[in-house]
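The values are calculated or read from the model by the stated rules, or taken from the named source; none is laboratory data. All figures in this text were calculated on a predicted structure; none of them were measured in a lab. With ideal geometry, Cβ positions are generated from the backbone for all residues, glycine too; neighbour counts draw on all protein chains shown. Accessible surface is based on the protein model in full, side chains and every heavy atom, while ligands, DNA and RNA are left aside. Shrake-Rupley method; radii C 1.70, N 1.55, O 1.52, S 1.80 Å.
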Amino acid sequence: MDSESPGEENKTKSKTPRKTKESLLKQKSPAEFFAENKNIAGFDNPGKCLYTTVRELVENSLDSAESISELPVVEIIIEEMGKSKFNSLIGLVDRERIDAELYDDYETDKARQKRLAKEARAQEIQAKNAAHGKKVTAASKGAKGRGEASFYRVTCKDNGKGMPHDDIPNMFGRVLSGTKYGLKQTRGKFGLGAKMALIWSKMSTGLPIEILSSMRNQSYTSFYRLDIDIHQNIPHVHLHEKRENKDRWHGAEIQVVIEGNWTTYRSKILHYMRQMAVITPYAQFLFKFVSDAPDKNVTIRFARRTDVMPPVPLETKHHPSSVDLLLIKRLIAETSKQNLLQFLQHEFVNISKSYAERLIGEMGPDFSPKMVVKSLTSQQIVRIHQLLRQAKFDDPSGDCLSPAGEYNLRLGIIKELHPDMVATYSGSAQVFEGHPFIVEAGVSVGGKDVKQGLNIFRFANRIPLLFEQGADVVTRTAMKRINWNSYKINQMQDKIGVFVSVVSTKIPFKGTGKEYIGDDITEIASAVKYAIQQCCVQLKSKIVKKMQAREQQERKRNLSKYIPDATGAVYNVLKEMTHLHASKKSRYSDDNEELLRKVSAGLITKETLSEKLAKHVEQVDFEMALEYATQSGVSEEPRETIYIQSLEAENKAIDLCAPFFVLRVFQ
């Protein structure tokens, strides 16, 4: 029978459902959250992880050096480590494969023959293309198996501020702790810095990070070997010691071993370093990629072009129109001011004492200037928030911002691209949602290693943005909102470089990766368009004058080309006139008779006529060139010898800064 016995039925009914694990309340640490969602911080895949690690370390080094007004010197070395080298580093013995079919890169004899035949056909096509002078593309290599990962030791050394010995563990081993939090212009996007590189190192290699650091005039260097406890978000120190600092070196040297992919992200990393050299021409970079294969080795030095640095960004207070309820509550909890009047006056920008009194009067009878700010109720705080959102305030100034400056932007473009002509523009401070921002732009034409068409270089808070370019406000403005032809620039054929740098206390990034600025903020979109247009206006003037000079040169060439024919024809006419005059068949005026006598006596020949015509053409060309030079402001006086001081020399000097140059007066 199919029916169950009564005992079995009762046994089944007596069972109670167990509480599933999903119903238990769990808590994640910040480190655990970012480890599971590493793509948010730019660690999408091994190649992107290598790129982001380099970027974070370089930007930390620049911030550190600039904070003490030290001209940055940054060395970045990427050392490729094969599987065997990595295994020996961690003390793991290599083993031969026993079951080959177990691995994901295993291929059957039939598949291998098919692949080899395909590669042979590709090589044959490449050989034909090379014979006909066509472009030859590199043969694609088979993808590595998942187990055949590449590992890299990334080392970054700088001459920056250094770190206090006791703070190093928390600065590297505790996520969301750092020195860059606050309302000011910063290079960082998340405040993670090298912490995310350490998390990726722990996930991919299990190896700790090594830090060597020393501060100015410190007699010792601090050495730490540490990693991070992901679940508790606390540092785990393997080794820490103080070493003698004989050279009085200051700065930091950070070394981390991670999984990565140099092949796919090589161009991105080098492009990033090049763009960083453009926006920071006062820094010196040394980049090295070291591999066991000598043909893969790369060494690039980006030399310093100037020693004029932008000012250090200043921390500022919040603008009243940009705050929310949570921020107001936090400011109230942290303020040292006693009453409401002092709180409004000192915790926000652009609220004077008289204006604060007017605001308090508008809040209602429950408010007074002398009331204790920490005694405010939730309802009263909501009233303050509503009034701050509705009242009008002066825009914040851009004094807290630190743009690269036209001088540095122009130098960087010239240094890296060597363009035929360049124009730059720096706008005044503007505001969106209570946050000040400044847009700087540069447009170049021609240059070295520049493709035809638009080449767009984007910067936010003086760091390059390389990904998601199509959705960015700079790209859309340059592509769709600028009529290049009206500025005598051919968008398709000319080599155009468009450089736009936006600095702000809050960059309105879009997307989880924070790689582009949205096109939906009218204030920024308008400022970007205006800045590019101002550069184009400058270039149009230069291009028109260059076209006029080219036309003058063409006219001179055409005139010179016809000098022999014109000389021969004029001389033949003169000879004929001389014969007619000698036979008294024709009579001429006294001036003409004098000319004919010179022809008859051999004083005027074909050669002298040719020489006179050539001089006339030169004179006309000189007069036109002089007029062009006068219009363009070029001096005809001889140039004086200028002796440029070495950047390394220590001299007391006063800098007189202008947008396009810096006049240095030595004392």
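Consider region 243-281 and keep the residues that are open to solvent by less than 20 Å² (accessible area, probe 1.4 Å) and small (Gly, Ala, Ser). The one that is nearest to the chain's Cα centre (by Cα) is Ala277.
Going by the conditions given, is Lys598 surrounded by 14 or more Cβ atoms within 10 Å (Cβ to Cβ), within 30 Å of Ser486 (Cβ to Cβ) and at pLDDT 75 or above? In short, no.
Looking across region 498-514 at every residue that is among the hydrophobic types (A, V, I, L, M, F, W, C) and either at pLDDT below 90 or open to solvent by 10 Å² or more (accessible area, probe 1.4 Å) (or both), the one that is farthest from Asn408 (Cα to Cα) is identified as Phe509.
Under the condition of being small (Gly, Ala, Ser) and under 17 Å from Val431 (Cβ atoms), the residues counted in region 519-558 number 4. When every residue of region 213-223 is checked against the conditions, none turns out to be surrounded by fewer than 23 Cβ atoms within 10 Å (Cβ to Cβ), at pLDDT 90 or above and closer than 24 Å to Gly260 by Cα. Against the numbered list (1) in contact with a Ser or Thr (Cβ under 7 Å, 6 or more places away or on another chain); (2) assigned to a loop (DSSP other than H, G, I, E, B), Gly442 comes up short only at (2).
Residues that are farther than 23 Å from Arg358 by Cβ, part of a helix (DSSP H, G or I) and under 33 Å from the mean Cα position of the chain (by Cα) within region 293-347 comprise Pro294, Asp295, Lys296, listed in sequence order. Here is the figure for region 356-402: residues that are within 13 Å of Ser321 (Cβ to Cβ) and either within 37 Å of the chain's Cα centre (by Cα) or open to solvent by 100 Å² or more (accessible area, probe 1.4 Å) (or both) total 8. Residues that are open to solvent by 80 Å² or more (accessible area, probe 1.4 Å) number at least 1 in the following helices (runs of 4 or more DSSP H) confined to region 27-128: 30-36, 83-90. Consider region 601-614 and keep the residues that are part of a helix (DSSP H, G or I) and either open to solvent by less than 100 Å² (accessible area, probe 1.4 Å) or at pLDDT below 80 (or both). The one that is nearest to Lys556 (Cα to Cα) is Ala614.
Yes or no, residue by residue, for (1) at pLDDT below 80; (2) at negative phi; (3) among the polar types (S, T, N, Q); (4) assigned to a helix (DSSP H, G or I):
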| residue | (1), (2), (3), (4) |
| --- | --- |
| Asp520 | no, yes, no, no |
| Ala527 | no, yes, no, yes |
| Gln534 | no, yes, yes, yes |
| Val544 | no, yes, no, yes |
| Val573 | no, yes, no, yes |
| His581 | yes, yes, no, yes |
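Kindly provide the set of residues from region 410-430 that are hydrophobic (A, V, I, L, M, F, W, C) and open to solvent by 30 Å² or more (accessible area, probe 1.4 Å), ordered by number. Result: Ile414, Ala429.
Residues in region 217-262 that are without any contact (Cβ under 8 Å) to a residue 60 or more places away in the chain and either among the acidic types (Asp, Glu) or within 28 Å of Gly82 (Cβ to Cβ) (or both): Phe223, Tyr224, Arg225, Leu226, Asp227, His238, Leu239, Glu241, Glu244, Asp247. Considering region 467-487, the residues that are at pLDDT 90 or above and in a loop (DSSP other than H, G, I, E, B) include one that is surrounded by the fewest Cβ atoms within 10 Å (Cβ to Cβ), namely Asn483.
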